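The values are calculated or read from the model by the stated rules, or taken from the named source; none is laboratory data. Only a predicted model underlies this, so the values are computations on that prediction, with no experimental measurement involved. FYI the Cβ positions are ideal-geometry reconstructions off the backbone, even for glycines, and counts take in every protein chain you see. Ligands, DNA and RNA are excluded from the accessible area calculation, which covers all protein heavy atoms including side chains. Shrake-Rupley method; radii C 1.70, N 1.55, O 1.52, S 1.80 Å.
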Amino acid sequence: MSTTTTTKTTKTLSVVKRESFFDDSFFTDQWEDFDKAVQSVLDKFDDSGLKVDVGSRSHCRDVYSKIRSSKIDEDLYASQALQITEKDGKFQAVMDVKDFSPSDLQVRVVEDRVVVEGKYIKKSEDGSSMSSKSFYKEFTMPNTADIDSVSTALSKDGVLTVRAPKREGGAATPSGALSTSVQQQSQSSVQQSSSSTSSSSVQQTSSSVKKVSMSSSSTFSSTSSSNFSNMDSFDDMAKDMQDRLVFSHDNVNLKLPGTQ
């Protein structure tokens, strides 16, 4: 019994270290995404109605940080600021990872997915003990993204970004388009074949019927002609047969016993 082994394509990305997230122009196109991520956490855990914008950004981040610190021990994911964006064929992810150990932070590309792994370590107040939790996030990239050009960067204040540009060469083929085209071609071929076969069959059948009709007519004509040509000798045959029957009758009567 043979065993099939499937090998997955895996690539570990180098995490580039950058300056603070909102002070580094490298992250400019993801500032808005991170604001949305912080807003979603505030909407979930804060009842004050805070709204993140350029003027309130600093204050909202402080409130978010307090929420995160109070909730992370319960759940690593529920209070994490994280935003995924797919636009114009590009893939972007931004997330807060400042509570994870930088040495244990790893970003990999596995097939068409981005995998982010980390470890949260908590020490006791007196430093006599510590505990750790593993962090794992997986994102499937759109089929238009260039998987070979995925990059990742980490800001000084613990914001991780992952980017995949749009693959050059145009958009991906919509699902089902190819199969629909093949199906239409197949149906067309079947229809043409059926039409040709039907037409050929009708022509052959018509031709056969015509031949049979001609043959029957010829036979009838030949037979009729033969019969009519022999009508002259029919009377002679009948007379001869009658004479023979009478003769036989006479012979039989002579041989019958007990007759007078």
Fill in: Ala145 long-range amide H proximity, modeled H, under 5 Å
Arg167
Response to the item:
Simple SL model, points at 7 angstrom along Cα→Cβ for Ser56 and Lys123; separation in nm is 3.7
Discussion item. For Ser25, what accessible surface area do you get with a 1.4 Å probe? Give it in Å², rounded to 10.
Written reply: 90
Response to the item:
Shape call for the range 42-121, from the Cα gyration tensor axes a ≥ b ≥ c (a/c under 1.5 means rounded, otherwise prolate when a/b beats b/c, else oblate), comes out oblate
Response to the item:
Around Gln106 (Cβ within 12 Å, Cβ-to-Cβ, excluding Gln106; K/R +1, D/E -1) the net charge comes to +2
Worksheet item: If you take the square roots of the eigenvalues of the alpha-carbon gyration tensor of the range 71-164 and sort them as a ≥ b ≥ c, do you get rounded (a/c under 1.5), prolate (a/b over b/c) or oblate?
Response: prolate
Worksheet item: Sorted by accessible area (1.4 Å probe), largest first, how do Phe22, Phe91 line up?
Response: Phe22, Phe91
Worksheet item: Put a dot 7 Å past each Cα toward the Cβ at Phe45 and Gln106; how far apart are the dots in nm?
Response: 2.7
Fill in: Probe 1.4 Å - accessible area at Leu105, Å² to nearest ten
30
Fill in: R0 of 30 Å, Cβ-Cβ distance Glu32-Thr10: FRET efficiency to nearest 0.05
0.45
Worksheet item: For the range 9-167, rounded, prolate or oblate, judged on the Cα gyration tensor with a ≥ b ≥ c (square roots of eigenvalues), a/c < 1.5 rounded, else prolate if a/b > b/c?
Response: oblate
Item to complete: In debye, nearest 20, what is the charge dipole magnitude of the range 8-152 about its Cα centre with +1 on Lys and Arg Cβ and -1 on Asp and Glu Cβ, if you could check?
Response: 340
Worksheet item: Excluding ligands and nucleic acids, what accessible area in Å² is computed for Thr28 using a 1.4 Å probe, to the nearest 10?
Response: 70
Worksheet item: Among all lysine pairs in the range 1-82 that are eight or more places apart or on different chains, how many have alpha carbons less than 29 angstrom apart?
Response: 12
Response to the item:
Summed over the other residues with a beta carbon less than 14 angstrom from that of Glu138, with K and R at +1 and D and E at -1, the charge totals +1
Worksheet, complete the sentence: Note: Asp148 to Lys17 extended length (0.36 nm per residue) minus current alpha-carbon separation gives 45.1 nm
